[in-house]
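See below for the structure under consideration.
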Amino acid sequence: LLQHGELPNKAELAVFTRSIMRHTMLNEWLLRFYRSFHHNAHPMAMVATIVASLAAFYHDSTNINNDRHREIFSHRMIAKLPTIAAASYKHALGQPFIYPRNDLDYCANVLNMLFSVPCEPYEVDPLHAKALDLLFILHADHEQNASTSTVRLAGSTGCNPYTAMSAGVSALWGPAHGGANEAVVDMLEKIGDVSHVPDFLARVKDKAGGVRLMGFGHRVYKNFDPRATIIREMCHQVLGKLGQSNNPLFELALRLEEIALKDDYFISRKLYPNVDFYSGIIYRALGIPREMFTVMFAIARTAGWVAHWSEMIADPTLKIARPRQLYTGPTQRDYVPVTKR
Ligand code: CMC
């Protein structure tokens with residue numbers, strides 16, 4: 001839908017699905033890159049690096065003016081991101097990389113690569129795969145968010161598209177953007193208990209320490225982020241089915257939301273929970289560690305990034321993006337030799 005503007009018919013879906021499945025593996029040489037990372041490297045740093053490195057593997061077959069090359073590039077990105085993400089996780093654990101399994105669907109394959117080990121059988125829980133699927137759909141695209149605009153800005157130069165995607169991964173990592181899901185769980189753990197919420201909110205409102213209520217506020221949504229409502233409902237369902245209905249982190253998040261939404265500071269600034277407020281709670285319930293939350297976001301947003309990039313490159317009126325600078329600093333500056341500075 002994102003790529004072509006229409007849902008595929010049955011035959012088109014079969015071709016698309018097969019193409020994604022046939023591109024899930026990574027070049028073995030690329031897998032060796034992981035060995036150069038320290039065991040505690042942040043997975044987002046590894047993902048950004050490996051995605052950029054794909055340019056070195058496909059440089060000769062990525063003619064951005066060729067429709068078919070653009071399509072294969074898009075499929076490779078969507079197919080390989082889970083493999084790249086899971087390898088980053090396994091590297092940190094010191095466990096063997098798990099190869100993709102093309103008999104599994106997209107989300108079940110992600111979970112299998114993250115959690116299975118070669119020495120014992122692992123069954124993907126269909127509920128977990130369904131929850132991940134919902135999160136991936138909700139995160140897949142969101143018009144000109146910072147990372148997508150970054151992909152477009154970099155891509156508008158005609159650069160190798162894998163490097164444009166890597167720029168998008170890097171932009172996503174920031175706590176004001178996709179890194180917020182990790183920051184929310186950090187914040188909730190630091191708050192620890194509902195009784196500490198008033199103190200925490202006082203610090204947020206005081207602004208002195210630069211503390212923000214993470215997972216709240218949005219540049220565009222000023223009257224609720226509809227994705228937050230869906231994810232909150234999903235939290236109830238997933239935690240209920242996992243026997244974690246009284247999950248303390250979720251209860252704390254619900255109370256924090258309730259208290260903040262009655263507070264004039266948040267009301268007057270139109271600050272509501274965004275997509276990241278509850279997503280980390282589901283990821284955690286699925287056993288996904290905190291440092292992988294933004295990586296999960298990156299897997300999902302890849303579909304949006306490649307669709308934006310393809311649309312932009314196919315546009316015959318494409319020009320390089322060049323934001324205009326309005327300079328407001330000093331005008332005349334005299335050169336002072338270094339010995340006199
Ligand atoms: N906590 C406390 N105060 C806030 C928050 C917050 N989360 N967000 C905005 N404000 C205040 C801000 O201090 C400012 O106050 P004042 O008018 O007194 O100066 C006012 O609200 C407007 O803030 P802004 O920074 O101009 O708002 P923005 O639209 O530029 O920022 C935002 C949007 C998402 C960067 C910001 O709300 C934020 O930092 N939120 C926390 C991080 C977060 O959850 N990010 C995820 C965003 S959604 C998913 C995604 O993009 O990946």
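Note on Ile137 and Asp125: the extension gain reaches 2.5 nm, defined as 0.36 nm multiplied by sequence separation minus the Cα-Cα distance. Where in the stretch 66-98 does the label zone of Val117 land, with the point 7 angstrom along Cα→C-beta and an amide N cut-off under 12 Å? Under 12 Å, as judged by backbone N against the label point of Val117, lie 93-96 of the stretch 66-98.
Below 8 Å between Cα atoms, with a sequence gap of 6+, how large is the relative contact order for the chain in percent?
On the way: 403 pairs, mean separation 80.5, N = 341.
Reported relative contact order: 24 percent.
Taking each full run of DSSP H in the chain as one helix, which ones are at least 24 Å long along their axis (Cα atoms) and have mean Kyte-Doolittle hydropathy of at least 0.5? Walk me through the intermediate numbers first.
Working: long enough: 67-93 (40 Å, -0.31); 293-314 (32 Å, 0.92).
Passing helices, by number: 293-314.
Accessible surface of Ser195, taken over heavy atoms with a 1.4 Å probe and every protein chain present, rounds to 80 Å². Here the sum of -39500 (n - 2.57) over DSSP H runs of 4 or more residues, divided by the residues of the chain, equals -18500 deg cm²/dmol at 222 nm, to the nearest 500. In this structure the stretch 57-215 gives 45 Å² per residue of accessible area when probed at 1.4 Å with all protein chains present. Figure note: Val169, Val15 ranked by solvent-accessible area, largest first, 1.4 Å probe, ligands and nucleic acids not counted: Val15, Val169. Once both labels are positioned 7 Å from their Cα atoms along Cα-to-Cβ, the gap between Arg269 and Lys319 label points is 3.7 nm. Per-residue surface analysis assigns Leu242 an accessible area of about 50 Å², computed on protein heavy atoms at 1.4 Å probe radius.
Where does each of Glu311, Glu71 land when they are ordered by accessible area, with a 1.4 Å probe and the largest first? Could you put the intermediate results ahead of the total?
Details: Glu311 120, Glu71 60 Å².
I get Glu311, Glu71, largest accessible area first.
With a/c under 1.5 counting as rounded, go ahead and sort the stretch 67-194 into rounded, prolate or oblate using the C-alpha gyration tensor (a ≥ b ≥ c being the square roots of the eigenvalues; past the cut-off, prolate if a/b is larger than b/c, else oblate). Oblate shape, in that a/c is at least 1.5 and b/c is the bigger or equal ratio. For the stretch 120-189, taking Cα atoms only, Rg and Dmax work out to 15.8, 48 Å respectively. Within the accessible surface of the stretch 114-235, defined with a 1.4 Å probe on protein heavy atoms only, the carbon and sulfur portion equals 57 percent. Overall shape: oblate for the chain, with the ratio a/c of the largest to smallest alpha carbon gyration tensor axis at 1.5 or above and b/c at least equal to a/b. If R0 is taken as 30 Å, the Cβ-Cβ distance between Thr328 and Gln144 corresponds to a FRET efficiency of 0.75.
Computing FRET efficiency as 1/(1 + (r/R0)^6) for Phe97 and Thr339, where r is the C-beta to C-beta distance and R0 is 56 Å, gives about 0.50. For the set Lys190/Lys222; Lys90/Lys207; Lys90/Lys130; Lys190/Lys270, the pairs lying more than 29 angstrom apart at their alpha carbons are Lys90/Lys207. Computed from the alpha carbon atoms alone, the convex hull of the stretch 24-120 holds 100 Å³ per residue.
Of the whole protein surface, His59 contributes about 110 Å² of accessible area at a 1.4 Å probe radius.
I'd like to know how the stretch 184-341 sits against the 2.2 N^0.38 Å rule of thumb: what's its Cα Rg over that expected value?
Values: Rg = 21.8 Å, N = 158, 2.2 N^0.38 = 15.1 Å.
Against the compact-globule rule of thumb, the ratio is 1.45.
Ordering Ser61, Ser88 by accessible surface, largest first, gives Ser61, Ser88; the 1.4 Å probe counts only protein heavy atoms, with every chain in place. Label sites at Asn40 and Glu12, each approximated as a point 7 angstrom past Cα along Cα to Cβ, lie 5.0 nm apart.
Given a Förster distance of 51 Å, report the FRET efficiency between Ser195 and Arg32 from their Cβ-Cβ distance, rounded to the nearest 0.05. Write out the running numbers ahead of the final one.
Working: r = 51 Å, r/R0 = 0.99.
The formula returns an efficiency of 0.50 here.
For the chain, the residue among Ala298, Val336, His38 whose Cα projects farthest onto the positive side of the dipole built from Cβ charges is Val336.
Given +1 at the Cβ of Lys and Arg, -1 at the Cβ of Asp and Glu and no other charges, the dipole of the stretch 290-332 around its Cα centre is 160 debye to the nearest 20.
The values are calculated or read from the model by the stated rules, or taken from the named source; none is laboratory data. As the structure is a computational prediction, the values presented were derived from the model and not from experiment. In this analysis, Cβ positions are derived from the backbone assuming ideal geometry, glycine residues included, and neighbour counts consider all displayed protein chains. Keep in mind that these areas ignore ligands, DNA and RNA; they rest on the heavy atoms of the full protein, side chains included. Shrake-Rupley method; radii C 1.70, N 1.55, O 1.52, S 1.80 Å.
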